[in-house]
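Here's the structure, in structure tokens; my notes come after.
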Amino acid sequence: MSTASALAIGLRTNLTGIDWLIMLVYFAFVLGIGFLLKRHMRTSTDFFLAGRALPAWVCGLAFISANLGAQEVIGMGASGAKYGIATSQFYWIGAIPAMVFVGLFMMPFYYGSKARSVPEYLKLRYDEKTRAWNAGSFAIMTVFSSGISMYAMAKLIQVLHIFDGMFLHLGLPVGWIFHFSIFLSAVIVLGYISLGGLTSAIYNEVLQFFLIVAGFMPLVWIGLKNVGGWHGIQRALVPAYTHSWRGMAHAGTNPLGTQWYALVFGLGFVLSFGYWCTDFLVIQSAMAAESHLAARRVPLIAAIPKMFFPFLVILPGLIAISVPTVSQRMMGQAQTAPTSPAARGVPSSAPMASGASSALVGRGLVPVKIDPVNGRVLTDNKGKPLLDYDLATPNMLLHFFPTGMLGLGLTALLASFMSGMAGNVTAFNTVWTYDIYQSYIHKHGSDAHYLWMGRMATIGGVALSIGAAYFVTSFNNIMDALQLVFSFVNAPLLATFLLGMFWKRTTGHGAFWGLLSGTCAAALHTGLTLPADVSGVGIHGGWIAVLHVYPSTMAQTFWTAIWAFCVCLAMTVGLSLMTKPREEKDLVGLVYSLTPKPAEGHLLWYQRPASLAILVLAMVVVLNLVFL
Amino acid sequence: MGLDIRLPLGLLFLVTGGMMAVYGLLTHGSAIYRKSLGIDINLVWGLVLLLFGVTMLLLAYLDRRRLAAAPPVNPSSDEVPSSRPRGH
């Protein structure tokens, strides 16, 4: 057995009665809300759109919670440990501007067109085939995302030995814990969604939002106290980790391995706008708002807590690599700090390992990555050990939280997994029922029939997610995996929506073939390039030929998105000019230039969405200046 | 929707915070707090959560009383009148 598993054993979870009680109370509330809401589910609109009757703040919190799944909490902690505070670019550059844009400019079309889903908007604006392509690819994507959440949750429960005590007590084999965890999360999510539909999912997302804040705030507080505050982290790590823009001029001089223009255009524009502006997963909570104005406010309200989330989810990752490593034997200059080995709190007399094979103990609270099959340490193509960054945040919880608080922290973690799953499942059941089933399979059913179908689709979606969960095993960072999937499907989509909403000349044929070629471009680009930080040609790239090597997976992902967007944009414009445009009267309410602007004259200046947007953007600029 | 989200939210934090605070009182000064640098995190954080829960319940209660006093009118800020009572 390697020392890394000794670390995991050293931090073995010792849960007591109070921890279990906190978890049980939470799950009782989750299912209780489903039961309370069941009697309100009379029509399919109640089930799929929450009756379009929720206040903006509730939808706003659900808007960010739907995205607050495994990707967020574990993935951001992992990226924080791997790439440093530059990870906050996923929020400040990679989310806020897009959220402001969708609230100000795109929501009037989503909400005002009375489309019930994002694919349905495409049907109204373009044609049937564009909707079918989007609905199909989206359905697959939600199933995968939900499966990834489920898999990550089960793996985490297994690694942290949360259920070990219970299983040993009951005389059950410990090997079943993974399957048991998948089954348990599936049953709970299935329970509350099939009972209360989108309302139940949104209400639970609000609960999860507050729970995650409640569980992670003390972690950051105690963690910072332990390492001596932000200045303590700055002393413990090299500067690139604590400055979000440092070294961005060249790909080789920052932890992300990317240049600033690839970051701004790839992440800040293509990936981010593609996700926040077109992904029905997040848009659906805004569509559930009670009025046109509330729907526009939803993403803007969501942006305010969103910009402070780096402190809650990325900081634990940074703290995890700042605390002194559990074992004193270090791995030499293995990691990222060739300039200052002493900067990480390593005593200057610490023995420097001559090769990667000896004394592998990880970094801070981040252990080395172990092959789950043979128990050996995994290494990259240079023989350096890979670190299991996904354990940064969970190990922080185990390291700093006593029993009681630990129960709350783990509940918050489980809640985040389930909110990620639930958002995907509600998006899946809506798109399946309205955009696939009602459109192509059973056109003229009664409303009660579609309500029934929605419940069936929830069961089907959860079952497919279980399948996806067992499929997703070969990635070393959940974040990268999700970004890869999103870049194939979402990056070309942004061009389609922008052209559709802001250029009335765009045609359905142009949009459809543009989307297809954009997705092909994404696949082709990934197949022809390889990131340097993976162990070789495989799912991460280079399966056609290796024409170019990127310094990191992240850089490759950004460029894949940029290629997909540009190819889609060029193809759509070209084909649109060659095909016959739709008549302008058919595009009212769907295209910016042909739609009357929403009347805001009766609103006071601070009630207008634009004022809120300016406030949000100003706050982000300040945050970027602080962490420049 | 008929259910004000602040009711279950407040109740959840009231119960959880209450349990943590009581547990924190019972284990005050125990060795388990060496992990959290000597801070009785259960007591401190339990009280914070408790306060949050009470605030949410209070807001929900005040809103309900306000609505009971004045029958719901469609606020002028909304161009789409809602047929449902604005519960929150």
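The values are calculated or read from the model by the stated rules, or taken from the named source; none is laboratory data. Just so we're clear, the structure is a prediction, and the values are computed from it rather than from any experiment. In this analysis, Cβ positions are derived from the backbone assuming ideal geometry, glycine residues included, and neighbour counts consider all displayed protein chains. Each accessible area value is taken on the protein alone, full model and side chains, heavy atoms only, with ligands, DNA and RNA left out. Shrake-Rupley method; radii C 1.70, N 1.55, O 1.52, S 1.80 Å.
Here's a check for you: in the stretch A:164-185, which residue that is among the β-branched types (V, I, T) and over 24 Å from the mean Cα position of the chain (by Cα) is nearest to A:M421 (Cα to Cα)?
Across the stretch A:164-185, the extreme among qualifying residues is A:I177.
Of the residues that sit in the stretch B:1-51 and are touching a residue at least 40 places away in the same chain (Cβ under 8 Å) and part of a helix (DSSP H, G or I), which one is most open to solvent (accessible area, probe 1.4 Å)? Full working, then the answer.
Residues of the stretch B:1-51 that are touching a residue at least 40 places away in the same chain (Cβ under 8 Å), as a first pass: B:1-7, B:9-14.
Okay, now just the ones that are also part of a helix (DSSP H, G or I), so B:6-7, B:9-14.
Numbers: B:R6: 26, B:L7: 57, B:L9: 0, B:G10: 0, B:L11: 79, B:L12: 2, B:F13: 5, B:L14: 56 Å².
Among those residues, the one meeting the criterion is B:L11.
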Checklist entry - Any residue in the stretch A:94-104 that is over 23 Å from A:V591 (Cα atoms), part of a helix (DSSP H, G or I) and either modelled with pLDDT of 85 or more or open to solvent by less than 10 Å² (accessible area, probe 1.4 Å) (or both)? => result yes
Checklist outcome for this item: Selection from the stretch A:528-556 of residues under 24 Å from the mean Cα position of the chain (by Cα), open to solvent by less than 60 Å² (accessible area, probe 1.4 Å) and not hydroxyl-bearing (S, T, Y) yields A:L530, A:P531, A:A532, A:D533, A:V534, A:G538, A:H540, A:G541, A:M554, A:A555, A:Q556
Checklist entry - Say we look at the stretch A:196-240 and pick out the residues that are part of a loop (DSSP other than H, G, I, E, B) and surrounded by fewer than 22 Cβ atoms within 10 Å (Cβ to Cβ); which of these is modelled with the lowest pLDDT? => result A:V238
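Name the residue, out of A:S194, A:S185, A:S149, that is away from chain B (no Cβ under 14 Å) and closer than 19 Å to B:L3 by Cβ. Break it down into steps so the answer makes sense when it comes.
Details: A:S185 fails: closer than 19 Å to B:L3 by Cβ; A:S149 fails: closer than 19 Å to B:L3 by Cβ.
The unique qualifying residue is A:S194.
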Checklist entry - Condition test on A:V567, is it surrounded by 21 or more Cβ atoms within 10 Å (Cβ to Cβ), in a loop (DSSP other than H, G, I, E, B) and of a type in the set (V, I, T)? => result no
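Out of the residues in the stretch A:50-64 that are in a helix (DSSP H, G or I) and open to solvent by less than 10 Å² (accessible area, probe 1.4 Å), state the one that is nearest to A:R116 (Cα to Cα).
Step one: list which residues in the stretch A:50-64 are in a helix (DSSP H, G or I), which gives A:50-52, A:56-64.
From what is left, the residues that are open to solvent by less than 10 Å² (accessible area, probe 1.4 Å) are A:50, A:58-60, A:62-64.
Details: A:A50: 11, A:V58: 19, A:C59: 16, A:G60: 18, A:A62: 18, A:F63: 16, A:I64: 20 Å.
In this case the residue turns out to be A:A50.
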Checklist entry - Residues in the stretch B:15-26: is at least one at the interface with chain A (Cβ under 9 Å from one of its Cβ atoms) and of a type in the set (S, T, Y)? => result yes
Next on the checklist: All but one of (1) within 12 Å of chain B (Cβ to nearest Cβ); (2) part of a helix (DSSP H, G or I); (3) in contact with a Ser or Thr (Cβ under 8 Å, 6 or more places away or on another chain) hold for A:H40; state the number of the condition that does not hold.
Outcome noted: (2)
